[in-house]
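The values are calculated or read from the model by the stated rules, or taken from the named source; none is laboratory data. Worth saying up front: this structure is predicted, and the values here are computed from it rather than measured. Glycine also receives a Cβ, built like all others from the backbone with ideal geometry; neighbour counts cover every protein chain displayed.
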Amino acid sequence: MISVKKYSNIAKYQSLIALFIMCLILALMTENFMTTDNFWNVMRQISVNVCISVGMTLVILTAGIDLSVGSILALCGAITAGLLKHGIAIPSANLFIGFTVFGVIIAGLLAGGALGFVNGYAVTKFKVPPFVATLAMLTMARGFTMLWTKGHPITGLGDSFGFLGTGWFLGIPMPVWISGIIVFVAVILTSKTRFGRYVYAIGGNENAARLSGIPINKIKIWVYALAGILAAAGGLLVTARLDSAQPNAGISYELDAIAAVVIGGTSLSGGRGTIMGTVLGAMIIGVLNNGLVLLDVSPFWQQVIKGMVILLAVIIDKTNSKSE
Amino acid sequence: MQVLLEAQHITKKFSGVTALSEVSMRIEKGKVIALIGENGAGKSTLLKIMSGIYTDYEGAILFKGKKVIFSTPKDAQDHGISIIHQELNLIPYLTVSQNVFLGRELINKLGFLDHEKMNKKTSELMERLQMEVDPLAMVNSLKVGQQQVVEIAKAILTESEVLFMDEPTSAIGESEVEVLFQIIDQLRSEGKSIVYISHKLDELFAIAGDFIVLRDGKAVGKGEMSKITRDELIGMMAGREIKVTKKSDKKRPDKQLLQVTNLTLKNQENPQRLILKDISFDLNNGEVLGIYGLMGAGRTELCESLFGLHRRSLTGSIVLDGVESHFNSPTEAIESGMALVPEDRKLDGIVPGMSVAENISITVLDKVLRFGLLNKKKESKLYDKYVESLKIKVNSERQLIKTLSGGNQQKVVLAKWIERGPKVLMLDEPTRGIDINAKNEIYELITKLASSGISVLVVSSEIPEILAISDRILVMAEGQITAEFGSEEATEKNIMNACIPEYVNK
């Protein structure tokens, strides 16, 4: 009895242990890993993936998937940049609307929420499988990004917007602040609110949840909308950091997000997993990326190794949950 | 007469509960045997043992006089024993021929599938069964009756000598029944044996030569169909002693709470077929209304309809507490004071990966909020309250509900509804798969809830259970209410008589 309990405790912290071991190895093998500069560098790099992965975790907890986050990130980044730079001009009505930095941030996030809402609406009202609905959105949002940007980056966004991506506050980079706050709110949301409990219940047994009176469609639509908003937040960070909205930003980011969620121990069949697990997953991927660069591993091998880590993480997770 | 398959003194227990005890049965070559019994009498268990699905049992199975142990259904099939299940096991998007040859595909010299030969053979089979079905037709485009013939063709192809048919007419029309009977006749004349399971006694008299009646897992009657009457058969099926003490008759409370008028539910795919037909009844405050019916009588669908699950295909009126109520979803139904403990606990009742405490609080999360956030202390209090009052056996509130026994899981499901404080509590097979002690506790609880003013609607396929807890009993068959009994006039035989499907036509 005791040994079983001990074992499951180890299983619970396995990603933390894995992360610790990775850091230890890198600290011993490279000179630059254990420096403050590199630490904040890694943290800043993973902050975008953390934003997206938190939304992805919510979606996957309901037994769904969201493939469109990378495209939503690009589109919302472009919308934000475009509005900031050019505003909305309607010459025929002799109308021009300019935006403040705060205004474009809200507009960008709302756009992400709206795109996510469309995903959720298709999934719940038209019963489109999440894989298909969000695959369609992936393509559409990328297309809109190209239309909006005419295929060219939108650059020169000004220092006050750039502060979001490059600035520091109280010795911590802004992207880390933002992703940290998102994580904090998401942890509360999933573990302390009715909404969060419903998300787990829907993923755990949708039938039982429905028969218990949980408004399945409403909750799911909100989950996809939140995933959209968080992807947009990632888009703001990327755009601010580069001082430029790239039309092909965020390509394949959905895969990194899914990887983070899965490495973090969230079950793809829904109902099981935590936000903190996902954050650890994102950190493992981030440290791995950073470490492989520092170790001068060729980019081709980097991909092979990353894939192997994902596979290994899921295999370990499966064997653990079987032995429960 | 040669005996093809024989069961000798078969006993089977499920975690301590005896499902079959000392049942023997002989299946002779070229005979049709009717296997008869109430729901839960042990028919399917016997069938599953004789066809290799259950492998651990006491007693022996003899095939052509030799003792055999079927390790898998495939093993039994190789011996020539096939089952045609109630729910058909065909693959909808494959053709008839592909289904017939599934797992036994013919290949040509090059190692590729020999479609031509398979299609030809399928045509021949269909001809033999006097069915005009194109071997290249998709199975999902066929009528249910035709699909059944495809199943039979599959069985014939494997050279089956014994065919078990489990409720084969439950989903097909009258003309198709006749075709099926012709086929059965033909198979019999070819020397094959058929074990026919059905609730429809008229059918059994039409085609079966012998019968065996199971009751509570025991064989209580065997013989030839020609030497027994319908009434005698019903007597054998029903003659069960009541084990639960009947509660004292109390005055029927007089405040009407729920009134259902002409409730009709159409089958969504086939609007001609009615799942519920003109159901009308009322339910008073603090009353326990029992609904008895055999499988497929529409009992579960009735509960679901009252719970807002079939809004689109439902007509008729539901008046709850004086308000005309058409619920679009369970959420709405629950807000108006309805509650449903569903039939399939694992599939619909619990969230298996969540803890016991979380499964209790799921319907009343606003009660465990503090400053808008879930409060563990309040949730624990709720958990403590029900673990104590319902005597739920559980180690800790964090224990996952899936690790509890069936009875304790059911108590958790009940707890979440009791805390919600419903006006009408519907219980669909509340004691299925639950041991006798927990059963009695649940009966007590139902009585207690009713006396506190909640109206309870209990669906059950166990007559003693219905008799023990109900103030009034409705019997359903084929989507209709066929009889209503007060608690004094209800007997097992009365109820049994009313639930046999052909009662409807009389």
remark   = Restricted to the stretch B:356-382 and to residues being more than 30 Å from residue B:306 (Cβ to Cβ) and small (Gly, Ala, Ser), the residue farthest from the other protein chains (Cβ to nearest Cβ) is B:380
ask   = Based on what the data block shows, is residue B:403 of a type in the set (Ser, Thr, Tyr), more than 25 Å from residue B:278 (Cα to Cα) and buried (at least 16 other Cβ atoms within 10 Å of the Cβ)?
value = no
ask   = With respect to the numbered conditions (1) crowded, with 16+ Cβ neighbours inside 10 Å; (2) farther than 20 Å from residue A:45 by Cβ; (3) at pLDDT below 90, which one is the sole condition not fulfilled by residue A:190?
value = (3)
request  = Could you tell me which numbered condition residue A:61 fails, if it satisfies all but one of (1) within 23 Å of residue A:163 (Cα to Cα); (2) touching a residue at least 12 places away in the same chain (Cβ under 8 Å); (3) hydrophobic (A, V, I, L, M, F, W, C)?
outcome  = (1)
query = For residue A:206, which of the numbered conditions (1) over 18 Å from residue A:271 (Cβ atoms); (2) more than 9 Å from chain B (Cβ to nearest Cβ) fails to hold?
reply = (1)
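Okay, residues lined up against (1) of a type in the set (Asp, Glu); (2) part of a helix (DSSP H, G or I); (3) touching a Cys at 6+ places or on another chain (Cβ under 7 Å); (4) more than 14 Å from chain B (Cβ to nearest Cβ):
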site: A:188; (1), (2), (3), (4): no, yes, no, no
site: A:202; (1), (2), (3), (4): no, yes, no, no
site: A:210; (1), (2), (3), (4): no, yes, no, no
site: A:230; (1), (2), (3), (4): no, yes, yes, yes
site: A:239; (1), (2), (3), (4): no, yes, no, yes
site: A:257; (1), (2), (3), (4): no, yes, no, yes
site: A:260; (1), (2), (3), (4): no, yes, no, yes
site: A:266; (1), (2), (3), (4): no, no, no, no
request  = Tell me, please, whether a residue that is under 28 Å from residue A:178 (Cβ atoms) and part of a helix (DSSP H, G or I) can be found in the stretch A:314-324.
outcome  = no
query = What about residue A:234, is it without any contact (Cβ under 8 Å) to a residue 12 or more places away in the chain, on the phi < 0 side of the Ramachandran plot and assigned to a helix (DSSP H, G or I)?
reply = no
task = Would you tally the residues in the stretch A:79-109 being crowded, with 17+ Cβ neighbours inside 10 Å and modelled with pLDDT of 85 or more?
result = 11
Extreme residue, nearest to the chain's Cα centre (by Cα), among residues of the stretch A:190-200 that are at the interface with chain B (Cβ under 7 Å from one of its Cβ atoms) and closer than 14 Å to residue B:359 by Cα = A:200
remark   = Residues of the stretch B:334-343 being at the interface with chain A (Cβ under 8 Å from one of its Cβ atoms) and surrounded by fewer than 19 Cβ atoms within 10 Å (Cβ to Cβ), in sequence order, are B:335
ask   = Taking the condition within 19 Å of residue A:131 (Cα to Cα), away from every other protein chain (no Cβ under 14 Å) and not in a helix (DSSP H, G or I), does residue A:221 pass?
value = no
query = Which one of these does residue B:346 not meet: (1) at pLDDT 90 or above; (2) under 22 Å from the mean Cα position of the chain (by Cα); (3) within 14 Å of chain A (Cβ to nearest Cβ)?
reply = (1)
task = Identify all residues within the stretch B:454-489 that are buried (at least 22 other Cβ atoms within 10 Å of the Cβ), modelled with pLDDT under 90 and part of a strand (DSSP E or B); write none if there are none.
result = B:460, B:477
request  = Can you tell me which residue within the stretch B:48-76, out of those that are in contact with a Gly (Cβ under 8 Å, 6 or more places away or on another chain) and surrounded by 15 or more Cβ atoms within 10 Å (Cβ to Cβ), is nearest to residue B:147 (Cα to Cα)?
outcome  = B:73
task = Considering every residue within the stretch B:391-404, establish whether at least one is within 27 Å of residue B:311 (Cα to Cα), more than 10 Å from chain A (Cβ to nearest Cβ) and basic (Lys, Arg).
result = no
task = Look through the stretch B:318-331, keep the residues that are over 28 Å from the mean Cα position of the chain (by Cα) and assigned to a strand (DSSP E or B), and return whichever of them is nearest to the other protein chains (Cβ to nearest Cβ).
result = B:320
remark   = Just one listed residue, out of B:495, B:392, is in the same structural domain as residue B:261 (by TED's automatic domain parsing) and crowded, with 17+ Cβ neighbours inside 10 Å, and it is B:495
request  = Tell me, yes or no, whether the stretch B:418-431 has at least one residue that is more than 14 Å from chain A (Cβ to nearest Cβ), free of Cβ contacts under 8 Å to residues at least 60 places away in the same chain and either under 29 Å from the mean Cα position of the chain (by Cα) or surrounded by fewer than 17 Cβ atoms within 10 Å (Cβ to Cβ) (or both).
outcome  = yes
request  = With a cut-off of at least 2 residues that are under 26 Å from residue B:238 (Cβ atoms), name the strands (runs of 3 or more DSSP E) lying wholly within the stretch B:2-102.
outcome  = B:3-14, B:17-28, B:32-36
query = Given the residues A:284, A:251, A:275, which is the only one that is more than 14 Å from chain B (Cβ to nearest Cβ), touching a helix residue (DSSP H, G or I) at 6+ places or on another chain (Cβ under 7 Å), surrounded by fewer than 21 Cβ atoms within 10 Å (Cβ to Cβ) and in contact (Cβ under 8 Å) with a residue 60 or more places away in the chain?
reply = A:251
Which listed residue, of B:300, B:315, is more than 10 Å from chain A (Cβ to nearest Cβ) and more than 23 Å from the chain's Cα centre (by Cα) = B:315
note = Scanning the stretch A:287-324 residue by residue, those surrounded by 18 or more Cβ atoms within 10 Å (Cβ to Cβ), touching a Ser or Thr at 6+ places or on another chain (Cβ under 8 Å) and at pLDDT 85 or above turn out to be A:291
task = State all residues of the stretch B:432-469 that are over 15 Å from residue B:391 (Cβ atoms), more than 24 Å from the chain's Cα centre (by Cα) and not hydroxyl-bearing (Ser, Thr, Tyr); if no residue qualifies, say none.
result = B:449, B:450, B:453, B:454
query = Can you tell which of A:118, A:128 is under 18 Å from residue A:59 (Cα atoms) and either without any contact (Cβ under 8 Å) to a residue 12 or more places away in the chain or surrounded by fewer than 20 Cβ atoms within 10 Å (Cβ to Cβ) (or both)?
reply = A:128
task = For the stretch A:31-40, enumerate the residues that are within 17 Å of residue A:19 (Cα to Cα) and part of a helix (DSSP H, G or I).
result = A:38, A:39, A:40
